[in-house]
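See structure below.
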Amino acid sequence: MEKIGFIGYGSMGKVIINGFLLSKALKPEYIIISSRTESKLDELKSNYPEIEIAPNNSTTASKSNLLFLFVDTHNVKKVLNEILEFITENTHIVYISAALTIEDVERVFNGKITKVMPSLTSQVLEGVSLIAITQQ
């Protein structure tokens, strides 16, 4: 089975990934993650040693058909351009940058795209999220 990839582990990424793990929606062995600041992943790895920590975003992208981008809005296009040669038309990109439209992302990647706008209450597994999906 391909892994589910996560790029970025900032405040919202941490909330969502930990929510997936605490709720048992995802098993740790199915996760691969990379982050600009690798030291942020130390606690996650110590709590869930089965999680694969990738050395870079390209590795995360190449091992995932479902790929979550938890990076700042101004970095989404940069990360997409960085991983473009490692993803295919079968890759499904999920991102959480409220200020970036799906059309903006489609200018860089012409595949399956989902925009999710979670709330901070997701941290206690009680959140509501707005989801928009491309028609592809």
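Below is a table of values for the structure above.
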{"item": "Spatially close lysines, pair count over the chain: Cα under 19 Å, gap of eight or more or interchain", "result": "20"}
{"item": "Cα gyration tensor shape for the chain, rounded if a/c is under 1.5, else prolate or oblate", "result": "oblate"}
{"item": "The chain, helix-only ellipticity at 222 nm - DSSP H runs n ≥ 4, -39,500 (n - 2.57), divided by all residues, nearest 500", "result": "-8000 deg cm²/dmol"}
{"item": "Within the chain, percent of DSSP bridges classed antiparallel, to nearest 5", "result": "15"}
{"item": "Ranked list, fewest to most other Cβ atoms within 10 Å of each Cβ, for S97, S39, S11", "result": "S39, S11, S97"}
{"item": "Cα-centred dipole magnitude for the chain, charges only on beta-carbon of K, R (+1) and D, E (-1), debye, nearest 20", "result": "120"}
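Rule-based calculations on the coordinates, nothing more; no lab input. Just so it is clear, the structure is predicted and the values come from calculations on it, not from any experiment. Positions of Cβ are backbone-derived with ideal geometry, glycine not excepted, and every protein chain shown enters the neighbour counts.
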